[in-house]
Amino acid sequence: MLQYRRLHCAASAIPLAVTVRTVCSVPVAELRNVIIFTIGGDRYAIELRWIREVVTLGFVTNVPTAPPALGGVCNLHGAILPVLDVGVLVDNVAGLPARQGDGALVVEAEGQMCALRVDQVDHVASLHETGGEVIDATGRPLMLLDPGRLIRRALELVTAEAERVA
């Protein structure tokens, strides 16, 4: 929150022609356009700027030596797309395996594109964000996921598994 005040010269009652802007240390919630979705009973949000598509997964191919964070790969519009397990990346808890017919959010961050398997897409909303969470219409906080972090974490896990196997 910004506050403005006029300064007065101590030697006279004449106000100086300077207006000073001071910044208060009150946290201000920023409005975020998000898509809200459910995975395994937990609700999450991702900013819409990262979402390329909401899709139904086609055939998902399992990758035998991949870590649990990589639920498989699928063909989307002729491109091979990794399907990530958000539960493993966020809470270290594996969700249901990705399979044909599941819903997914196709996200793009840091030059990488992948699919996040979801159980249900709830809705799109503009919500206030503070401290990495958004507050939904009922007042409940939802974790605001950062796709860049998810992708970096998945790459770390895949790299570590490849080094372990080699």
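Quick note: the coordinates plus some simple rules give every number you see, no bench work behind them. What you see is a predicted model; the values in this text were computed from it and never measured. Counting neighbours? That spans all protein chains shown, and the Cβs are built from the backbone with ideal geometry, glycine included.
Going by neighbour counts of Cβ atoms within 10 Å, the residues Glu47, Glu163 line up, fewest first, as Glu163, Glu47. For Val124 and Asn75, a Förster radius of 25 Å and the Cβ-Cβ distance give a FRET efficiency of 0.40, rounded to the nearest 0.05.
Panel order for Leu127, Leu31, Leu145, by other beta carbons found within 10 Å of each beta carbon, from fewest to most: Leu31, Leu127, Leu145.
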